[in-house]
Amino acid sequence: MKRMQLKRFFKLLKLRFMHQKWVAWLVATLRFLRVLLPTRYLKILDWYIIRKFIGTYVFSILLIISIAIVFDVNENLAKFTQFHAPLKAIVFDYYANFVPYFANLFSPLFVFISVIFFTSKLAGTSEIISMLAAGVSFNRLMRPYMVSCLLISALSFYLSGYVIPHGTVIKQNFESMYKNSKKNTSAQNVQLQVDRGVIAYIQHYDDKTKRGYGFSLDKFENKKLVSHMTASEIQYDTISDSKYHWQVSNWRIREMKALREKITYGSKLDTLIMMEPADLVFSKGQQETFTNPELSAYISKQIGRGSSNVVQYEVEYHKRIAASFASFILTTIGLSLSSRKRKGGMGLYLGIGLALSFGYILLQTVSATFAVNADTPPMLAAWIPNLIFAVVAYFCYRSAPN
């Protein structure tokens, strides 16, 4: 009896100990989560500025994109009517992808204008002066601005890297059907390295039918030709579950081993060749149709093949990352310029903001051209606008009111 009571006592003691241990773990977890809560770092003043920032940013996007849509409809209405574009396709295939593309493209402009606009208003009503007089330092005042930039930059990076590329494909298909926008669908005399020591050549390739004519495949070992394959036609298998499946017609293979030569031929042959239709036809703006993982994989594959037509893809990849950081730089400039209360209102600051924003977008285009045509490293070309404007932001920050 006493033995049963002892067992029961130790069992209850063990359960109580486990319960206390679980409670202690839960308390520690809640304390850790409390550190991560935004309310710990963002006060009423911060939420006030964030609402102003995000609200002005969204309003400016809606205003300017609405104007852009009106002008675009006016310009393309005749083509839509001529090619009998259905209303559903115009709305959901064209403009539903037109809006996020241009909104993200001009996001730095919207960020800068938003900061200039509502900060000048705060300074004009002496709210900035009141904040600084209450002991809020300029660095502390920047906190809600940087939090807003973090949200906008994260959204911009996600859109440019994962959402907009799919929409761009749909938009380009619409333009080729209903705007008579010619899309490159064929290639002549394509030669590329599909594997180490393996060179493929296609005299003519039609991307619409995924069919090529005048095909040859050469394999080299130690710089010596060991196999030469020719075929009158080559067809890509679009229904296969895996990639790189091709069917060759009227094929012939010559294999060279020492002083002997073996020749085999046939009418049809299914084979694996490490190339895809996307490797054969290059169209303008093709890099914009790849998501970030697809773009990274494509760049690695083309570099492995020794292809020289990869610079614009590298520029696009690095530009998406660099553009996400532009909001922080332009916000610092805008806040530093517009936080002073000056005579004349906000007109001057809006003018400066527009000039700097358009200068940033122009510099992005010019730097990308440097990478393609002047052998500038793609990463440096993508970050040149940020580096130049970061210097401007530093001097503006140093002259900001304390």
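The values are calculated or read from the model by the stated rules, or taken from the named source; none is laboratory data. Computed from a predicted model, the values in this text were never measured in an experiment. All Cβ positions, even for glycine, are placed from backbone atoms using ideal geometry, and neighbour counts span all protein chains on display. Only protein heavy atoms, including side chains, enter the accessible area calculation; ligands, DNA and RNA are left aside. Shrake-Rupley method; radii C 1.70, N 1.55, O 1.52, S 1.80 Å.
Kindly list the number of the only condition in (1) more than 20 Å from the chain's Cα centre (by Cα); (2) modelled with pLDDT under 75 that fails for Gly334.
(2)
May I ask you to verify whether Leu15 is open to solvent by less than 90 Å² (accessible area, probe 1.4 Å) and at pLDDT below 75?
no
If I go through the range 119-153 residue by residue, how many of them are more than 38 Å from the chain's Cα centre (by Cα) and hydroxyl-bearing (Ser, Thr, Tyr)?
3
Which one is farthest from Tyr360 (Cα to Cα) among residues in the range 106-129 that are out of contact with any helix residue (DSSP H, G or I) (no Cβ under 8 Å at 6 or more places or on another chain) and open to solvent by 70 Å² or more (accessible area, probe 1.4 Å)?
Thr125
Taking the criterion of being farther than 23 Å from Val91 by Cβ, in a helix (DSSP H, G or I) and polar (S, T, N, Q), would at least one residue in the range 126-145 satisfy it?
yes
Condition test on Ile333, is it in contact (Cβ under 8 Å) with a residue 12 or more places away in the chain, in the same structural domain as Met146 (by the TED database) and open to solvent by 20 Å² or more (accessible area, probe 1.4 Å)?
Spelling it out, it is not the case that Ile333 is in contact (Cβ under 8 Å) with a residue 12 or more places away in the chain, in the same structural domain as Met146 (by the TED database) and open to solvent by 20 Å² or more (accessible area, probe 1.4 Å).
Out of all the residues in the range 289-302, which are part of a helix (DSSP H, G or I) and surrounded by 12 or more Cβ atoms within 10 Å (Cβ to Cβ)?
Of everything in the range 289-302, those that are part of a helix (DSSP H, G or I) and surrounded by 12 or more Cβ atoms within 10 Å (Cβ to Cβ) turn out to be Thr289, Asn292, Glu294, Leu295, Ser296, Ala297, Tyr298, Ile299, Lys301, Gln302.
Residues that are over 30 Å from Thr331 (Cα atoms) and β-branched (Val, Ile, Thr): does the range 159-177 have at least one?
Yes, the range 159-177 contains a residue that is over 30 Å from Thr331 (Cα atoms) and β-branched (Val, Ile, Thr).
Among the residues that make up the range 169-185, is at least one of them at pLDDT 85 or above, under 30 Å from Ile49 (Cα atoms) and open to solvent by 50 Å² or more (accessible area, probe 1.4 Å)?
There is no residue in the range 169-185 that is at pLDDT 85 or above, under 30 Å from Ile49 (Cα atoms) and open to solvent by 50 Å² or more (accessible area, probe 1.4 Å).
Assuming Pro165 fulfils every condition listed in (1) closer than 26 Å to Ser296 by Cβ; (2) surrounded by fewer than 17 Cβ atoms within 10 Å (Cβ to Cβ); (3) modelled with pLDDT of 90 or more apart from one, which condition is it?
The failed condition is (2).
Quick one: in the range 344-362, which of the residues that are modelled with pLDDT of 65 or more and of a type outside the set (A, V, I, L, M) is nearest to the chain's Cα centre (by Cα)?
Tyr360
Between Arg34, Arg51, Arg40, which is under 30 Å from Thr331 (Cα atoms) and modelled with pLDDT of 85 or more?
Only one candidate passes the filter, namely Arg51.
State the number of residues belonging to the range 232-265 that are surrounded by 10 or more Cβ atoms within 10 Å (Cβ to Cβ) and either touching a residue at least 24 places away in the same chain (Cβ under 8 Å) or not assigned by the TED database to the domain that holds Arg196 (or both).
14
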